[in-house]
1. What is the Rg over Rh value, at two decimals, for region 147-242, using alpha-carbon atoms and the Kirkwood definition of Rh?
2. Which length gain, in nm to one decimal place, applies between Thr63 and Glu108 when the Cα-Cα distance is subtracted from 0.36 nm times their residue separation?
3. Pop a pseudo-label 7 angstrom from the Cα along the beta-carbon direction at both Ile89 and Ala117 and give the gap in nm to one decimal.
4. Accessible area of the chain with a 1.4 Å probe: how many percent of it is carbon plus sulfur?
5. If the elastic network links every pair of Cα atoms under 10 Å, which of Lys183, Lys225, Lys43 fluctuates the most in the Gaussian network model of the chain?
6. Based only on the alpha carbon positions, what is the Kirkwood hydrodynamic radius of the chain, in angstrom?
7. Quick check: convex hull over the Cα atoms of region 87-218, volume per residue in Å³, rounded to an integer?
8. Go through region 224-233 residue by residue and turn each phi into a ³J(HN,Hα) via Karplus (6.51, -1.76, 1.60, θ = phi - 60°); whole Hz please, and just put x for glycine and proline.
Amino acid sequence: MYKTIIIEDEQRIREALSIMLEMTAPDTIQIVAYAQSVEEAVKLIDRLKPDLVFMDIMLKDGTGFDVLQQITFNSFHLIFTTAYEQHAINAFKYSAIDYLLKPIDTEELKTAIERIAVLQQRVLEKKQLNELQTNLNKTPDRIILPTQEAMYVVRLDQIIRCETSGSYTTFFLIDGRKIMVSKPLKNYEDLLEPPAFFRIHQSHLINVNCVVSYSREGMVQMTDKSFVPISRGKKESFFKLMKYEM
């Protein structure tokens, strides 16, 4: 059972989330407290030491970030609940922090809870929160890549290419590092978008600024000296992107 605290200042949303949790995960979730304010949330988290916290971003006396800056206990899973629009949602994705978009969907809630079971690390990474706060205020220029060993902060222009294999994706960086994350490439495709990035193949996504050469036959050479195939269905779009007259 995950000891759970819900931090939400709207009563109807608190009640709705509670009912959904009872229906979705009755044997997994134990709601131990509710909080409506920053002050109340900080006291409850530090006293009860929960396993899981659902955190609304905008509270009546501050924000969820204020709570996270003031707590001393931080070994819990965090799921933000938010009504933000798409730009802000991308900020959550770039920062690798879990979120649920209001109104909360039952299936998405179930998936979020199931994801907790496979996570190895439950300590909130300050770098993630800092990146999220930054990305909420501007177009993100870096991404958090979570591995079992660490959370890597990577500038987008340092990514040469991404290669996926099953449910894993490897990021190849300009400095020679390879970072493997346990998520498929489709999770990053809407973050790494044209014109800077392009999904050139089912298994490959590239930074077009790192292209050295490309051929009509369908091979692209990158700055790391690798060769990446262009799938037949992507050729026309890729050549147009590269302003190549076929």
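The values are calculated or read from the model by the stated rules, or taken from the named source; none is laboratory data. The structure presented is a predicted model; accordingly, all values stated were derived computationally and were not measured. Note: ideal-geometry Cβ built from the backbone for every residue, glycine included; neighbour counts use all protein chains shown. SASA here: full protein model, heavy atoms, side chains in, ligands and nucleic acids out. Shrake-Rupley method; radii C 1.70, N 1.55, O 1.52, S 1.80 Å.
1. 0.95
2. 13.9 nm
3. Using points 7 Å along Cα→Cβ, the separation is 2.6 nm.
4. The C+S portion of the solvent-accessible surface of the chain is 48 percent.
5. For the chain, modelled as a Gaussian network with Cα springs under 10 Å, the answer is Lys225.
6. 19.7 Å
7. Value for region 87-218: 132 Å³ per residue.
8. For region 224-233, the Karplus curve yields 8, 6, 7, 10, 10, x, 9, 5, 4, x Hz.
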